[in-house]
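The values are calculated or read from the model by the stated rules, or taken from the named source; none is laboratory data. Values in this document were obtained by computation on a predicted structure and should not be read as measured data. Because the Cβ atoms are built from the backbone with ideal geometry, glycine has one as well, and the counts that use them run over all protein chains shown.
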Amino acid sequence: MEKINSLVGEKKGFVLLYMVIILGMIVLTMTLYLSWLGVFSLQNKTEKNNSKVAQDLADTCAETALLVIWNNSNASGLTNRSNLFGGSCSYQINILTGENREILAIGTIGNITRKTKVSIDQVIAKVNVLSWREVADF
């Protein structure tokens, strides 16, 4: 009888040991998953922030181009600006016909690029912006 009780007691110990190991594996799996989720969420937030900064850079260059046109209605060409908020931007002023102008601005930070296109129909006496929009490509 003592032998049987001893064997049953040993089996209970093994069952308890297996339960602790299984519970530990479940907790470890959940911890790894939540850590991965946190890293992925942080990476996604960084990319979203960089995308917003790239668009702000493109808009900043477009505004700079408007100021250039305001000071010189015959201004045209390409200008690059670097080291703005950790990124860079460039703009190109194209003279279309008469007073019509087109500004193509690009903002870049890291591997993210955003583009803005501005259409202008008057540059003498005042600068009149017809449209200001983000575009996929020029």
Unmet criterion (only one of (1) in contact with a Cys (Cβ under 9 Å, 6 or more places away or on another chain); (2) closer than 24 Å to Thr46 by Cβ; (3) in contact (Cβ under 8 Å) with a residue 40 or more places away in the chain) for Ile103: (2)
Filtered residue count, region 73-98, keeping only those that are among the hydroxyl-bearing types (Ser, Thr, Tyr) and closer than 10 Å to Leu57 by Cβ: 2
Qualifying residue in region 31-50 (condition: at pLDDT 90 or above and surrounded by 16 or more Cβ atoms within 10 Å (Cβ to Cβ)): yes
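Is it true that Asp137 is surrounded by fewer than 17 Cβ atoms within 10 Å (Cβ to Cβ), of a type in the set (Asp, Glu), part of a strand (DSSP E or B) and over 17 Å from the mean Cα position of the chain (by Cα)? Can you show your working first?
Working: surrounded by fewer than 17 Cβ atoms within 10 Å (Cβ to Cβ): yes; of a type in the set (Asp, Glu): yes; part of a strand (DSSP E or B): no; over 17 Å from the mean Cα position of the chain (by Cα): yes.
When the stated conditions are applied, Asp137 does not pass them.
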